[in-house]
Amino acid sequence: MSAVNLLDFDLDGLTAYCEQLGEKRFRAVQLFRWIHQKGATDFDQMSDLAKSLRAKLQGSATITPLKVISEHVSSDGTIKWLFDVGGGNAVESVYIPEDDRATLCVSSQAGCAVGCRFCSTGHQGFSRNLSTGEIIAQLWFAEHNLRQRLGQSERVISNVVMMGMGEPLQNYNALVPALRTMLDDHGYGLSRRRVTVSTSGVVPMIERLKADCPVALAVSLHAPNDALRDELVPLNRKYPIAELMGACVDYLQAAPRDFITFEYCMLDGVNDTEEHARQLIALVRHKVPCKLNLIPFNPFPESGLKRSSNTRVQAFAKILIEAGIVTTVRKTRGDDIDAACGQLAGEVQDRTRAHERMLRRPIPITPVQGGGGASH
């Protein structure tokens, strides 16, 4: 029988595992702390565990991190790691240091099956879901690696965003234990306000997350109407905007923040006109407490799309702000190492033939004409 990777367990899961070994919960808590707070991988290091338990663990369990294939450091301090997850697949994580926080962007899948038009990961297709251990291993490595290189014993990473490769809510069963480990005071002790799940709009799973593990929620919106969003975010055909907005309002009943973040990738001539801004205002104002995060598009050749000019982005933001909607323009970080939003690609053994499909059937996108809706 293969050894169990203890990174796959949240504290309740580790407690159940230890009970199978005839051990009490407090032993699981000790073990959990050694793994996540101290970054230990050798059971012999765990000096306050009974020798009998260490002997049991040696024969049945491991703490197996992901292998680092490469590391790239940006001129702005951003670090991107490429992790080997086996089978020819690799996923990326990005560390973003700022004055008041240090954020880790974590992947949840090898590839992504949603196929958003503007996302480099989506163009690579989809191979498989990551396990809980593969999700949490990205944080485990980053936290303890950075402590060593920065020479500090205190926690380095203050925020985690599930905005790397993949649609987190399509890997729900692995995601939730990973989130619980991030939040656990015996693990990483992160605040619910500082852990964000980003989704393209998997409505039923938004409802489940509200009940199971409500953290901050970011929704990849990118269009103010169904016709355009169908083209940019294909999942919209299954869960249209009205359903998505309803799920967002419901989620706020349990959310740690009193607003939803809507991500909006600014695409030149596609979703960035004054009329699009007016439609966006009509969609959310007085309906969904929110913050709009405008993201400069990070171009890649296969997309066929261009970044909106800075002038256009600022004009779009001004319309929203004047309408009373909290709006920010995301600073582009790490684009010199392809670590910016939408650029994470890793290596994916695609089982969906996404690249071939997107090239074979390019999606026609027609800009909104002044005063009208999207025309098709």
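Report P(r) for segment 153-253: all Cα-Cα distances, bin width 5 Å, range 0 to the bin holding the largest distance, values in whole percent. Per 5 Å bin, starting at zero, the Cα-Cα P(r) for segment 153-253 comes out as 2, 12, 23, 22, 18, 11, 6, 4, 1, 0, 0 percent. Sequence-ordered 3J(HN,Hα) estimates for segment 254-262 from the Karplus curve with 6.51, -1.76 and 1.60 and θ = phi - 60° stand at 10, 5, x, 10, 9, 8, 9, 8, 9 Hz, glycine and proline given as x. Normalising the average separation of contacting C-alpha pairs (under 8 angstrom, six or more residues apart) by the number of residues puts the relative contact order of segment 4-62 at 37 percent.
If you count, for each residue, the other Cβ atoms within 10 Å and average over each peptide, how do 208-216, 289-297 line up from highest to lowest?
Numbers: 208-216: 17.8, 289-297: 20.3.
Final packing ranking: 289-297, 208-216.
Let me know the shape class of segment 4-62, please: from the alpha-carbon gyration tensor, a ≥ b ≥ c as square roots of the eigenvalues, rounded when a/c is under 1.5, otherwise prolate if a/b is greater than b/c, or oblate. In terms of gyration-tensor shape, rounded.
Label positions at Q20 and A211, each projected 7 Å from the Cα along the C-beta direction, are separated by 2.6 nm. What the Cβ-Cβ distance of N173 and S309 gives, at R0 = 41 Å and to the nearest 0.05, is a FRET efficiency of 0.45. Here the chain is described by how far its Cα atoms reach on the three principal axes: 74, 41, 38 Å, from widest to narrowest. The peptide list 272-280, 60-68, 89-97, put in order of mean Cβ contacts within 10 Å with the highest first, becomes 89-97, 272-280, 60-68. This model, with +1 at the C-beta of Lys and Arg and -1 at the C-beta of Asp and Glu, gives segment 67-360 a dipole about its Cα centre of some 320 debye.
A 24 angstrom limit on the alpha carbon distance is what I want to check against. Which of K291/K331; K210/K306; K80/K210 exceed it?
Working: K291/K331 15 Å; K210/K306 36 Å; K80/K210 31 Å.
Distance filter (> 24 Å) returns K210/K306; K80/K210.
Need one number: % antiparallel among DSSP beta bridges in the chain, to the nearest 5. Walk me through the numbers on the way to the answer.
Details: 22 of 48 bridges.
Taking every DSSP beta bridge with both residues in the chain, the antiparallel ones total about 45 percent.
Compared with the alpha-carbon gap, the fully stretched path from D226 to S153 is longer by 21.4 nm at 0.36 nm per residue. Bridgeable lysines around K51 (alpha carbons under 26 Å apart, same-chain partners fewer than 8 residues away excluded): K24, K38.
FYI, it's all coordinate maths here, none of it is from the lab. Since this is a predicted model, take the numbers as computed values, not measurements. Neighbour counts run over all protein chains shown; Cβ positions are idealised from the backbone, glycine included.
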